[in-house]
Amino acid sequence: MTEHEKLIRLNKHLALQLGVSRREADVFIEQGRVRVNGEKATLGARINETDEIQLDGKPVTTATQFRYILFHKPTGYVCSRKAQGDTPTIYSLLPPDMHVLKPVGRLDKDSSGLILLTNDGDFAHQMTHPKFHKTKVYEVVLDHALEPLHQQMISDYGIMLEDGKSQFMLERLSETNRKEWQVTMSEGRNRQIRRTFGALGYAVKKLHRTQFGPYRLDTLLRGRYVTIEAQRDS
């Protein structure tokens, strides 16, 4: 790796430290609000840890401090920075210093359970890209009993959706009814579980994620969070 490649792009660094998009960081640079070592910054600039960065005259640290948070998301909240209508965002449940962190994957408004948040893009990529096959486990409750034939279709053959085949493992959570299931999968397409059951005539009444890769929700209470260590593949 060359010395140039070791440097980080200024807009990427600003986005990481300020919790904004790279495009927003570029706007700050274009507006002349960013200085590097006292000089007005230019688009495409790269920096290192010894440079002094300022935005509107205030210092921006060059020491990258990655954070990793495991959060128990309740239902009724969206995993975005902006509220959707009257629906609040998960950030309303988190302290201000965590508002710069981004969700690693998402759960929809009506789903609950384990969410990871970080400012480490490489970690987020490793957790979400399909090639890494991160296991996700959910507890699902259906509106009526799942027929054995439909269980076999989902687990053994998959269900064809508009964006491709959906297949995951199903285990019963209750011996007394066939509404409650544990879903284990390594994919993570948009509303995949709901759409898969919906294609067979079922409505998902509850969807709760208990595991994402090596991380488990365990006894963490709803709406609470803990700091975790990044576990990376070798």
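Treating only the Cβ of Lys, Arg, Asp and Glu as charged (+1, +1, -1, -1), what charge dipole size does segment 135-212 show about its Cα centre? Round to the nearest 20 debye.
260
Using only Cα atoms, locate the centre of segment 189-234 and the centre of segment 103-122, then give the distance between them in Å, rounded to an integer.
9
Using label points projected 7 Å from each Cα along Cα→Cβ, tell me how many nm separate LEU161 and ARG46, to one decimal.
Simple spin-label model gives 4.0 nm for this pair.
Test of understanding: ordering THR61, THR128 by Cβ neighbours within 10 Å, fewest first, what list do you get?
THR61, THR128
Between VAL226 and GLN182, what's the calculated FRET efficiency when r is the beta-carbon distance and R0 is 30 Å? Round to 0.05.
For VAL226 and GLN182, the calculated efficiency is 0.80.
Computed from these coordinates, which is semi-axes √(5λ) of the Cα gyration tensor in Å: [x] 41, 18, 16; [y] 37, 29, 17; [z] 33, 22, 16?
Read-out from the structure maps to [x].
Using the 10 angstrom Cβ neighbour count as an exposure proxy, how do ILE154, ILE69 rank, fewest first?
By the 10 Å Cβ count, ascending, the order reads ILE69, ILE154.
When the Karplus curve 6.51 cos²θ - 1.76 cosθ + 1.60 is applied with θ = phi - 60°, which whole-Hz ³J(HN,Hα) does each residue of segment 76-88 get, with x for Gly and Pro?
Result, ordered by residue: x, 10, 9, 8, 9, 6, 10, 5, 9, x, 8, 7, x Hz.
Among the lysines, select those whose C-alpha is under 16 Å from the C-alpha of LYS179, and discard any that sit fewer than 8 residues away in the same chain.
LYS205, LYS206
Dipole of the chain, Cα-centred, from +1 at each Lys and Arg C-beta and -1 at each Asp and Glu C-beta, to the nearest 20 debye?
Magnitude of the dipole: close to 380 debye.
DSSP loop (so not H, G, I, E, B), at most 13 other Cβ within 10 Å: list which chymotrypsin sites (Phe, Trp or Tyr not before Pro) in segment 65-116 pass both filters.
PHE66
Would you order THR219, THR42 from fewest to most other beta-carbon atoms within 10 Å of each residue's own beta-carbon?
So the residues, fewest neighbours to most, are THR219, THR42.
What does the helix-only formula give at 222 nm for the chain: each DSSP H stretch with n ≥ 4 adding -39500 (n - 2.57), the total divided by the residues, and the result rounded to the nearest 500 deg cm²/dmol?
When only DSSP H runs of four or more count, the value is -4500 deg cm²/dmol.
Roughly how many debye, to the nearest 20, is the charge dipole of segment 3-60 about its Cα centre, given +1 on each Lys and Arg Cβ, -1 on each Asp and Glu Cβ, and no other charges?
160
What FRET efficiency comes out for the pair ASN37/ASP122, r = Cβ-Cβ distance, R0 = 25 Å, nearest 0.05?
0.40
Tell me, what is the percent relative contact order of the chain, built from C-alpha pairs under 8 Å that lie six or more residues apart?
19
Bear in mind that the values in this text are calculations on the coordinates, not laboratory data. Since the structure is predicted, the reported quantities are computational estimates derived from the model, not experimental observations. When we count neighbours, we look across all protein chains shown, and the Cβ atoms used for this are built from the backbone with ideal geometry, even at glycine.
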